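See structure below.
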Amino acid sequence: DPKNYNKLFIGNNTVDNSDIDKSKYNKDMIKKKYSISEEKVILYISRMKASKRIDILLDSMANEQNVAVVAMGAGITDEIRQKFETAPNLYYLGQKYGEEGNEVWAMGDVFCIPLNTGLGINDAIFWNLPIVTMNGLQPPEICYLKNGINGFIVNSKEELKERLLQILSNDALLTKMKHACQDIYEKEVDVKVMFRGFHDAIKFIMNGK
């Protein structure tokens, strides 16, 4: 009922990254640490659940010149592990947390989980990584992905590859989308926005008393 809209307060679901200093990470040094020679890096950071369809990403980008796919997360199967072994530009780094995990995020250019992205969207936007994913099974946080602004939502595996390469081959577009990520993070994804929703709700109740 519209007359009750003033009683509605939203605390956006997010991840608290307020203790991370992004400026201290050196992308080139991190890539050297993991022997990644390709110029551009697509990140997949999540569990290797079948619903996330990492196979689509690996099959699409295998042997793509000067583009690395770097994956981090638990639950890898023998089938998926074999895919990493089929092409030199596919890298699986296992599970990493804390500073090591932050290093992996810091080396990325674009973020891609083909489906069921989860809270990876939140982290990707914090790290200013444009996101490419597919229509289908997605979490509520998909609302943070503005199609054509800070990434793309595509309809096929062919378009997934096309959009990834479009961003990675156009530095002006990549920079524009990175700036859009920063803007969206500050307006919607920052944990302060979630706190503000709770604060406004409590303030409303207290004023009512």
Tell me which residues, restricted to segment 80-128, are under 19 Å from Lys161 (Cβ atoms) and among the acidic types (Asp, Glu).
Asp109
What number of residues in segment 56-108 are surrounded by fewer than 16 Cβ atoms within 10 Å (Cβ to Cβ), touching a Lys or Arg at 6+ places or on another chain (Cβ under 7 Å) and either farther than 23 Å from Glu159 by Cβ or among the aliphatic types (A, V, I, L, M) (or both)?
2
Cβ contacts < 8 Å: first residue modelled with pLDDT under 95, restricted to segment 76-87; second residue in a loop (DSSP other than H, G, I, E, B) and open to solvent by less than 100 Å² (accessible area, probe 1.4 Å), any location; separation 6+ or different chain. Result?
Thr86/Ala62
By residue number, the members of segment 189-204 that are surrounded by 14 or more Cβ atoms within 10 Å (Cβ to Cβ), farther than 19 Å from Thr117 by Cβ and either in contact with a helix residue (DSSP H, G or I) (Cβ under 8 Å, 6 or more places away or on another chain) or at pLDDT 95 or above (or both) are Val193
Determine whether Glu186 is without any contact (Cβ under 8 Å) to a residue 40 or more places away in the chain, open to solvent by 30 Å² or more (accessible area, probe 1.4 Å), under 21 Å from Val41 (Cα atoms) and outside any strand (DSSP E or B).
no
Does Pro114 satisfy the condition of being open to solvent by 10 Å² or more (accessible area, probe 1.4 Å) and out of contact with any Cys (no Cβ under 9 Å at 6 or more places or on another chain)?
no
Across segment 49-77, what is the total count of residues that are farther than 19 Å from Asn102 by Cα and either of a type outside the set (Asp, Glu) or under 13 Å from the mean Cα position of the chain (by Cα) (or both)?
19
Apart from one, (1) assigned to a loop (DSSP other than H, G, I, E, B); (2) in contact with a Pro (Cβ under 9 Å, 6 or more places away or on another chain) all hold for Leu57; the odd one out is (1)
Going residue by residue through segment 169-177, is there one that turns out to be in contact with a strand residue (DSSP E or B) (Cβ under 9 Å, 6 or more places away or on another chain), over 15 Å from Ile42 (Cα atoms) and surrounded by fewer than 16 Cβ atoms within 10 Å (Cβ to Cβ)?
no
Could you check, for segment 141-156, whether at least one of its residues is of a type outside the set (Lys, Arg), assigned to a loop (DSSP other than H, G, I, E, B), surrounded by 18 or more Cβ atoms within 10 Å (Cβ to Cβ) and touching a residue at least 12 places away in the same chain (Cβ under 8 Å)?
yes
Exclusive hit being hydrophobic (A, V, I, L, M, F, W, C) and in contact with a Ser or Thr (Cβ under 8 Å, 6 or more places away or on another chain), set Met29, Met61, Met48, Met107
Met48
Being at pLDDT below 95 and either within 25 Å of Ala68 (Cα to Cα) or among the aliphatic types (A, V, I, L, M) (or both) narrows Ile149, Ile121, Ile131 down to just Ile121
From the option list Ile113, Ile121, single residue qualifying as of a type in the set (Val, Ile, Thr), assigned to a helix (DSSP H, G or I) and either in contact with a Phe, Trp or Tyr (Cβ under 6 Å, 6 or more places away or on another chain) or under 27 Å from Thr14 (Cβ atoms) (or both) is Ile121
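The values are calculated or read from the model by the stated rules, or taken from the named source; none is laboratory data. Note that the structure is a prediction, hence the values are computed from the model and not measured. Every residue, glycine as well, gets a Cβ built from its backbone with ideal geometry; the counts of neighbours run over all protein chains shown. These accessible areas exclude ligands, DNA and RNA; they are computed on the full protein's heavy atoms, side chains included. Shrake-Rupley method; radii C 1.70, N 1.55, O 1.52, S 1.80 Å.
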